[in-house]
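The values are calculated or read from the model by the stated rules, or taken from the named source; none is laboratory data. Note that this is a predicted model, so its numbers are computed, not measured. Neighbour counts run over all protein chains shown; Cβ positions are idealised from the backbone, glycine included. Note: accessible area is taken over every heavy atom of the protein model, side chains too, but ligands, DNA and RNA are not part of it. Shrake-Rupley method; radii C 1.70, N 1.55, O 1.52, S 1.80 Å.
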Amino acid sequence: MLDLFILVFPVFGLVAVGYAAALVGAVSSDTTKGLSEFLFTFAAPALIFKLICAATFPETIPWGYWIAYYSGMGIAWGASMLVVSKVFGATRGEAVIAGLSTGQANTVMIGIPIILKAYGDQAAFPIALLLAVNLPITMTVATLMLEGSRAAGSGAVIARLVRGLLTHPILLGIIFGLAAVHWDLRPTGAIATMVDMLAACAIPGGLVALGLALKTYGVRKDLPVAFTVSGFRLLIHPAITYVVAAHIFALPPAWTGAVVLFAAMPAGINAYLFAARYGEGIGIASTAVALTTVLSVVTSMLWLRILGVG
């Protein structure tokens, strides 16, 4: 257990540093926003680009890897929406936000550091495989759920969605990384050094930025709903994924570990930003992000133990 604590402590310790800095007013809200925008636009895409360029690609794509993750996500997302609607009387919009908070994991800020610490570079390609499709899938599903019933202007909705995805910095990092590998244009020399320097900012800066953001968003309300989302996000999704990956498809250890830990990460801040954009379920999303981040300190060690890491 001590080994597992040592593994996750630096990750959540930096989140705590950011939260403490915001709590005492050492960092302004403008600085927090600027840091987040820099990381999102430059550092995180550079890290993903670097991971893809360094990854060893298998000869065949293990479809069981995607099936393991998305079977768990689909069940957890749907069940979460059903529970918050039937038990807590949430509106359709609030239920969609609860589902998105269940399905959208914080993989870039917390998932990548933990997975790489646990499995090293052999997990780089499995991480990239999910990152390449997860954001488009979750954002598309959530958008269509909220906008799908609005017949008028549906073409504009789809156009905005496509435009947003094609200009998304994370997706651009993935696209350029895959292109560099395909055409053997991996950066060298001074360009490689620039990429390395930007990528080096992503993980520590992202963790501190997450702590700053959690203080901004806070635990506002809807705790019963947020606890429900937390259970599906941190336990049900990874449990289903683990059974499918390890016992149905018998994936290699690094692939099983990457997909289970990916599924076990706390709710991503994208869920809050999405809720704020639509004015639906903002309290649910912000509370779910904060609560799952705190609880994941314990649950991430649980899943590392189950996976036999540490």
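Computed quantities for the displayed model
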item: Residues (over 29 Å from Thr216 (Cα atoms) and open to solvent by 60 Å² or more (accessible area, probe 1.4 Å)) located in the stretch 243-284; result: Val243, His247, Ile248, Phe249, Ala250, Pro252, Pro253
item: Conditions (1) out of contact with any strand residue (DSSP E or B) (no Cβ under 8 Å at 6 or more places or on another chain); (2) outside any loop (DSSP other than H, G, I, E, B); number of the one not met by Gly89; result: (2)
item: Per-region count, the stretch 259-289, residues modelled with pLDDT of 80 or more, outside any helix (DSSP H, G or I) and more than 17 Å from His237 (Cβ to Cβ); result: 2
item: Matching option when the condition is of a type in the set (S, T, N, Q) and either more than 22 Å from Leu7 (Cα to Cα) or in a strand (DSSP E or B) (or both), among Thr299, Thr216, Thr256, Thr292; result: Thr216
item: Single match in Ala68, Ala79 (criterion: surrounded by 19 or more Cβ atoms within 10 Å (Cβ to Cβ) and either modelled with pLDDT of 85 or more or part of a helix (DSSP H, G or I) (or both)); result: Ala68
item: Test: residue in the stretch 115-134 that is at pLDDT below 70, touching a helix residue (DSSP H, G or I) at 6+ places or on another chain (Cβ under 6 Å) and open to solvent by less than 30 Å² (accessible area, probe 1.4 Å); result: no
item: Close pairs (9 angstrom Cβ cut-off, 6 or more residues apart or separate chains): touching a residue at least 60 places away in the same chain (Cβ under 8 Å) in the stretch 179-190, in a loop (DSSP other than H, G, I, E, B) anywhere; result: Ala180/Arg186; Ala180/Pro187; Val181/Ala55; Val181/Phe57
item: Selection from the stretch 88-100 of residues that are free of Cβ contacts under 8 Å to residues at least 60 places away in the same chain and open to solvent by 40 Å² or more (accessible area, probe 1.4 Å); result: Gly89, Arg92
item: Hits in the stretch 252-295 (condition: within 24 Å of Tyr65 (Cβ to Cβ), more than 13 Å from the chain's Cα centre (by Cα) and among the polar types (S, T, N, Q)); result: Thr256
item: Only listed residue being open to solvent by 50 Å² or more (accessible area, probe 1.4 Å) and either out of contact with any strand residue (DSSP E or B) (no Cβ under 7 Å at 6 or more places or on another chain) or hydrophobic (A, V, I, L, M, F, W, C) (or both), chosen from Leu39, Leu23, Leu51; result: Leu23
item: Residues of the stretch 1-20 satisfying the condition of being farther than 17 Å from Leu214 by Cα and buried (at least 17 other Cβ atoms within 10 Å of the Cβ); result: Leu4, Leu7, Val8
item: Residue in the stretch 94-101 that is over 18 Å from the mean Cα position of the chain (by Cα) and at negative phi present; result: yes
item: Any hit, the stretch 193-204, residues being at pLDDT below 75 and touching a Phe, Trp or Tyr at 6+ places or on another chain (Cβ under 9 Å); result: no
